[in-house]
Each structure stands twice: as structure tokens, then as C-alpha cells.
């Protein structure tokens, strides 16, 4: 198999993310839920805004790395699906992480240096090893809250657990106060929504 074949295979596999639903929403009774691909796009947009804001505050951030990482952060869900936390809790963390890493490795093997760089980005995100990885994780959380707010505006209920789990570790960003303020503003908007 040559590079072109492998790249087509990878793109064909990743395009499945357009059809993989975000299971957490489905389990809470939300209809017409976003796909993993739509979520990854949302994470990339929020991550871009955060990276640009960080730069304006004097924090050195590799925006290209941020965007690449945001686009790749859920790539293994093309194979595993979007497993909800209730399912993940059935496995010990090491087993789940090993399976995820195996899927990433298998998906990216055969692309030479390109695949190696993508796997390095994915691994960095998983371990939150860099500022960029921590920034993308913050964007992941913010996108989740933005989506929860949109679903609640449309009448969805039973999303409290998404909001109660907002005490994510935003340390090491160089702009923790901004991210915490964004979370608080989203909570305020949620509280201002009419109920019933």
C-alpha cells in the first residue's frame, strides 16, 4: 500500500466522524445531536479564539499546533464510537487508554513522518503535556458547555451533570482567569434562560 492509499484510507475512516453521534447527549434524551466531527470543529474554533487571546496576553502559543491537535483530538472515535463516561467507567483507566492509543497508532501507521507527527500531537493531547494540549482541553470543555446551552435553549433538560462537572483543571494556560470567566458567563446565561 502506498502513501496515497494509506492517506485515502485514513481520510475515509475519519470521515465516519461526521456520522458518529455524541452519545452523552443521546443518553440524556437530546434529539438531533451533534456528531463527533461537528464537536471537533467547535473545539477547533474555540481553541483558535483562546490561542489568539493568549497571544494577545503575551503567552507564546503555537496556533498551528493547537488547530491540528483540536482536529485530531477525537480521531479514535472513528473506531470506538463516542463512548459515554458511564461505559468508560466500566474499564480501568489504563485499559481504556491503551485501547485508545492502539487505535490511534493503527490509524496513523503507514503515513511515515506525517503519521508520526499526527500521533505525537494526539499523544500530547492525551497527556496534556504542552500548553497547546491544555488549551485544546479547555476548548473541549468550553465547546461542551456552549453545546449544552444551545440544547437547553431548544428545550433539552437533564443536562445538569454537564454543568456540574465544570471544575476542570485550567491551570498552566497562562490565562486561567479568562477561561474560568468564560465558564462563569456561560453559567450565567444558562441561569437567565426561561424554564418550562
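The values are calculated or read from the model by the stated rules, or taken from the named source; none is laboratory data. Because the structure is a prediction, the values reported are computed rather than measured. Using ideal geometry, Cβ is built from the backbone for each residue, glycine included, and neighbour counts are taken over all protein chains shown.
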Inset, instruction - Restrict the check to the range 45-63 and report whether at least one residue is modelled with pLDDT of 95 or more, surrounded by fewer than 17 Cβ atoms within 10 Å (Cβ to Cβ) and within 19 Å of residue 117 (Cβ to Cβ). - result: yes
Inset, instruction - Starting from residues that are assigned to a loop (DSSP other than H, G, I, E, B) and surrounded by 14 or more Cβ atoms within 10 Å (Cβ to Cβ), keep the ones in the range 81-92 and report whichever is nearest to the chain's Cα centre (by Cα). - result: 82
Legend entry - Residue check, residue 95 surrounded by fewer than 19 Cβ atoms within 10 Å (Cβ to Cβ), assigned to a helix (DSSP H, G or I), in contact (Cβ under 8 Å) with a residue 40 or more places away in the chain and out of contact with any strand residue (DSSP E or B) (no Cβ under 6 Å at 6 or more places or on another chain): no
Inset, instruction - Report yes if some residue within the range 92-105 is within 27 Å of residue 193 (Cβ to Cβ), modelled with pLDDT under 90 and touching a helix residue (DSSP H, G or I) at 6+ places or on another chain (Cβ under 8 Å); otherwise report no. - result: no
Inset, instruction - Mind telling me which of the residues 78, 70 ends up being touching a helix residue (DSSP H, G or I) at 6+ places or on another chain (Cβ under 6 Å), under 20 Å from residue 146 (Cα atoms) and in a helix (DSSP H, G or I)? - result: 70
Legend entry - Residue satisfying condition, being closer than 29 Å to residue 78 by Cβ and assigned to a helix (DSSP H, G or I), within set 144, 111, 173, 178: 144
Inset, instruction - Filter the range 1-58 for residues that are in contact with a strand residue (DSSP E or B) (Cβ under 9 Å, 6 or more places away or on another chain) and in a helix (DSSP H, G or I) and give the result. - result: 17, 18, 36
